[in-house]
Amino acid sequence: LGRRGPDAASAVSALIEQLGHPDWSRRVLASEALGRVGDPAVQALRKALLSGELHQRVGAATALGYIGPPAAGATLDLVTVLKDGNDALVVEAARALGAIGPYAAPAIERLVSLLRTGKAAPVLSRALALIGGPAIDALRDLLGAKDPIAAAAAEALGTIESPTMETIESLVVAI
């Protein structure tokens, strides 16, 4: 079904159900297929993200990440999920926000708040790096934190395209 892309939109409901299947491989295949369906799956994925059981919610976040920028409408839902506390769900929501890119700028504050805890620092900092320019100031502020937070922020800043001279100077001072 995933190979059919948006033409498989009629299968979205069945694929959403598979996100909650006990078999991990079925969940992964369903997430990938929904990602390939793309935009026609976003509304159903948003609903599953907020109301499904845990496996379904994690799979919905994963699929939204596969969709990328066309899933920008799910940004605030993904921010809500970041407050859930389940590590797998937080990681997949952060990955999805990174894949959405600059359109996920409303998530910066929550991602930074989570990054300050030190948990999942590489995933959270990567999400901020992929959000790009809108996250630069927040990442710069984290350079004064203790490791691994400062190191994750520095790495993220180093991967953002076309860093400003101010960012480069901040990195040099942090080192």
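A compact table of results
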| item | result |
| --- | --- |
| Unmet requirement for Val90, which otherwise passes all of (1) within 10 Å of the chain's Cα centre (by Cα); (2) outside any helix (DSSP H, G or I) | (2) |
| Ala61 being aliphatic (A, V, I, L, M), open to solvent by less than 20 Å² (accessible area, probe 1.4 Å) and touching a residue at least 24 places away in the same chain (Cβ under 8 Å) | yes |
| Count - residues of region 130-150 that are within 23 Å of Gly85 (Cα to Cα) and open to solvent by 10 Å² or more (accessible area, probe 1.4 Å) | 8 |
| Residues that are out of contact with any Gly (no Cβ under 9 Å at 6 or more places or on another chain), open to solvent by 20 Å² or more (accessible area, probe 1.4 Å) and at pLDDT 85 or above, drawn from region 1-20 | Ser13, Ala14, Glu17 |
| Unique match (being small (Gly, Ala, Ser), under 23 Å from Leu49 (Cα atoms), modelled with pLDDT of 95 or more and in contact with a Ser or Thr (Cβ under 6 Å, 6 or more places away or on another chain)) among Ala104, Ala93 | Ala104 |
| Test result for Arg95, over 19 Å from Leu34 (Cβ atoms), part of a helix (DSSP H, G or I) and of a type in the set (Lys, Arg) | no |
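The values are calculated or read from the model by the stated rules, or taken from the named source; none is laboratory data. Note that the structure is predicted; figures quoted are calculated from it, not measured. Using ideal geometry, Cβ is built from the backbone for each residue, glycine included, and neighbour counts are taken over all protein chains shown. We work out accessible area using only protein heavy atoms, side chains counted, and drop any ligands, DNA or RNA first. Shrake-Rupley method; radii C 1.70, N 1.55, O 1.52, S 1.80 Å.
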